[in-house]
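The values are calculated or read from the model by the stated rules, or taken from the named source; none is laboratory data. Computed from a predicted structure; not experimentally measured. Here the Cβ is made from the backbone with ideal geometry for all residues, glycine too, and neighbour counts use every protein chain on show. Keep in mind that these areas ignore ligands, DNA and RNA; they rest on the heavy atoms of the full protein, side chains included. Shrake-Rupley method; radii C 1.70, N 1.55, O 1.52, S 1.80 Å.
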Amino acid sequence: MREEPFVVFLIGMRINSFLAVRRWLPTLRAMGPMLRELYAHPEKGFLGAELFFNLRGPMVIQYWRSFEDLEKFARNPNDPHLPAWRRFNAEVRDGSVGVWHETYLVEPGGYEAIYNGVPAFGLARATERVPAVGGLASARGRRKSSLPEQG
């Protein structure tokens, strides 16, 4: 469990025209250098990520220490995101590929994450795992334990 707020950032690419490989392949390839940079420099506020693929393209769930850290990475010309974003906006205007993202600020007590019989995954891999025993064995108990104390 995290005692501080954090950010869940979903980002993905949608291939709208499979035949336009020269349009979507550079967009697809741009995510690897970004993730390598983030894993190499956790001080940037990146906590971890999970990568998924569907029939139309990839999606990455990222966990960040704060929105400010995410925004700083996205806008820094020395990090790989901004050059890739500028290239996409300059070169891909025909609708053959799209990108999307969603950003969620998660407050302490505003989430639950439980994993049973799976290796460290998602938020549990990006943060700390706590056994769901005692008062944490039920959803209500986990929710109660994560709420700020009333005084």
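Just to verify a result, which residue in the stretch 50-69, among those that are touching a residue at least 60 places away in the same chain (Cβ under 8 Å) and aromatic (Phe, Trp, Tyr), is most open to solvent (accessible area, probe 1.4 Å)?
Top of the filtered list is PHE67.
Search the stretch 70-95 for residues being in contact (Cβ under 8 Å) with a residue 60 or more places away in the chain and of a type outside the set (A, V, I, L, M), and hand back the single one that is farthest from LEU35 (Cα to Cα). Explain how you work it out, then say what you get.
Here is the first cut: in the stretch 70-95, the residues in contact (Cβ under 8 Å) with a residue 60 or more places away in the chain are 70, 87-88, 91-92, 94-95.
Next, from what is left, pick out any that are of a type outside the set (A, V, I, L, M): 87-88, 91, 94-95.
Values: ARG87: 18, PHE88: 18, GLU91: 22, ASP94: 27, GLY95: 25 Å.
Per the criteria, the residue is ASP94.
Kindly list, by first and then second residue, each pair from a residue in the stretch 1-18 that is within 17 Å of ILE61 (Cα to Cα) to a residue that is of a type in the set (Asp, Glu), limited to pairs with Cβ atoms under 6 Å and residues at least 6 apart or on different chains.
As it stands, the answer is PRO5/GLU107; LEU10/GLU102, since those pairs meet every condition given.
When you go through LEU47, LEU28, LEU82 one by one, which is the residue that is surrounded by 13 or more Cβ atoms within 10 Å (Cβ to Cβ) and within 30 Å of VAL130 (Cβ to Cβ)?
LEU47
I'd like the full set of residues that are within 13 Å of GLY57 (Cα to Cα) and in a helix (DSSP H, G or I), limited to the stretch 82-101.
none
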